[in-house]
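Asker: Handing you a structure now.
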Ligand code: NAP
Ligand code: GCO
């Protein structure tokens, strides 16, 4: 086994929405394995905060302001990266939003917004980077899916529909571009402690854990929330030569949630 198969030395990675949270952790880990990091945020101030955070970690990241739902802006972003940094070898479609609203109270506009960011945008960004990957003769695309690519729950109809679609988009990119030596896989994080899930972990007035927090602990064999760092090893694997024959796979990094009926109350 050539241990260098896990190295990302000489590779250029674009991680979308990676000023903080899961995207930041994945990008930082990829940089520590040798990759050059490009990332975007929709918000300029947060992008600059992200640059600073990478610098504090000893990483010279290339930051860009771009709304991943805006096809023209994404095409411009990819052209800029190719001119300033080089052809993208690894794309991580990480940027995402969630709206937790009971379905019959959710507007169609809200539903469309979630699908736009969580499903349409990974299509848009993948479509922008694939032609150069084909020309280069290789590429890695990693879509950040979710438990909701497999399971539903109340109030997250748009998010589950989008993440379910993202699972199938992953399989379709695999099918359409596997012959060009492009591997497209997904990572399905469990419940990870980031700003996106902060409302589900807020301490109660009496200092007790949030009911949902307690629920997730009971549904996770690891009996803990995941940390963004728990996703780094799987992401590096899927970005590296070590996974060249892994394609169309959703790698769930969930502490065992999908395998477990849940602790008896
Ligand atoms: P987060 O803390 O909410 O961060 C999301 C990032 O995406 C932010 O940097 C945000 O930028 C960016 N973003 C949102 N809309 C964008 C747009 N239109 N264009 C560009 N950037 C945009 O989320 P997270 O928890 O790190 O999650 C990252 C990914 O993992 C998401 O796809 C999420 O669905 C998925 N995921 C999360 C969990 C979890 O438990 N946390 C589990 C499974 C999957 P701004 O801050 O400027 O809005
Ligand atoms: C929710 C959570 C989840 C996580 C994640 C689980 O409200 O249920 O936000 O959706 O974000 O997607 O994998």
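The values are calculated or read from the model by the stated rules, or taken from the named source; none is laboratory data. Treat the numbers as computed from the prediction; the structure is a model and nothing was measured. Here the Cβ positions follow ideal geometry from the backbone for every residue, glycine too, while neighbour counts run over all protein chains shown.
Asker: What tally of residues in region 176-196 results from selecting those that are crowded, with 19+ Cβ neighbours inside 10 Å, within 11 Å of ligand 1 (Cβ to nearest atom) and outside any loop (DSSP other than H, G, I, E, B)?
Answerer: 5
Asker: Return yes when residue 3 is in contact (Cβ under 8 Å) with a residue 40 or more places away in the chain, away from ligand 2 (no atom under 16 Å from the Cβ) and out of contact with any helix residue (DSSP H, G or I) (no Cβ under 8 Å at 6 or more places or on another chain) and no when it is not. Walk me through how you get there before you give the answer.
Answerer: On the way: in contact (Cβ under 8 Å) with a residue 40 or more places away in the chain: no; away from ligand 2 (no atom under 16 Å from the Cβ): yes; out of contact with any helix residue (DSSP H, G or I) (no Cβ under 8 Å at 6 or more places or on another chain): yes.
When the stated conditions are applied, residue 3 does not pass them.
Asker: How about region 149-174: which of its residues are under 19 Å from residue 125 (Cα atoms) and either outside any helix (DSSP H, G or I) or touching a strand residue (DSSP E or B) at 6+ places or on another chain (Cβ under 9 Å) (or both)?
Answerer: 163, 166, 167, 169, 170, 171, 172, 173, 174 - these are the residues of region 149-174 that are under 19 Å from residue 125 (Cα atoms) and either outside any helix (DSSP H, G or I) or touching a strand residue (DSSP E or B) at 6+ places or on another chain (Cβ under 9 Å) (or both).
Asker: Report yes if residue 58 is modelled with pLDDT of 95 or more, in contact with a strand residue (DSSP E or B) (Cβ under 7 Å, 6 or more places away or on another chain) and assigned to a loop (DSSP other than H, G, I, E, B), otherwise no.
Answerer: So residue 58 does not fit the description; no.
Asker: I've got another one for you. Going residue by residue through region 89-102, is there one that turns out to be touching a residue at least 60 places away in the same chain (Cβ under 8 Å), away from ligand 2 (no atom under 16 Å from the Cβ), surrounded by 17 or more Cβ atoms within 10 Å (Cβ to Cβ) and assigned to a loop (DSSP other than H, G, I, E, B)?
Answerer: yes
Asker: Among the listed residues 106, 147, 133, identify the single one that is farther than 19 Å from residue 197 by Cα, within 16 Å of ligand 2 (Cβ to nearest atom) and either in contact (Cβ under 8 Å) with a residue 24 or more places away in the chain or crowded, with 17+ Cβ neighbours inside 10 Å (or both).
Answerer: Being farther than 19 Å from residue 197 by Cα, within 16 Å of ligand 2 (Cβ to nearest atom) and either in contact (Cβ under 8 Å) with a residue 24 or more places away in the chain or crowded, with 17+ Cβ neighbours inside 10 Å (or both) holds for just one of 106, 147, 133, which is 106.
Asker: Any chance you could count how many residues in region 216-238 are outside any helix (DSSP H, G or I) and buried (at least 19 other Cβ atoms within 10 Å of the Cβ)? Outline the logic, then answer.
Answerer: Here is the first cut: in region 216-238, the ones outside any helix (DSSP H, G or I) are 220-227.
Those left that are additionally buried (at least 19 other Cβ atoms within 10 Å of the Cβ): 220, 225-226.
Matching residues across region 216-238 total 3.
Asker: Condition (residue is under 13 Å from the mean Cα position of the chain (by Cα), surrounded by 15 or more Cβ atoms within 10 Å (Cβ to Cβ) and within 15 Å of ligand 1 (Cβ to nearest atom)) applied to region 208-215: is it met by at least one residue? So that I can check it myself, show each step before the final result.
Answerer: Residues of region 208-215 that are under 13 Å from the mean Cα position of the chain (by Cα), as a first pass: none.
No - not one qualifying residue is present in region 208-215.
Asker: Say whether the condition of being at pLDDT below 95 and away from ligand 2 (no atom under 12 Å from the Cβ) is met by at least one residue in region 187-203.
Answerer: yes
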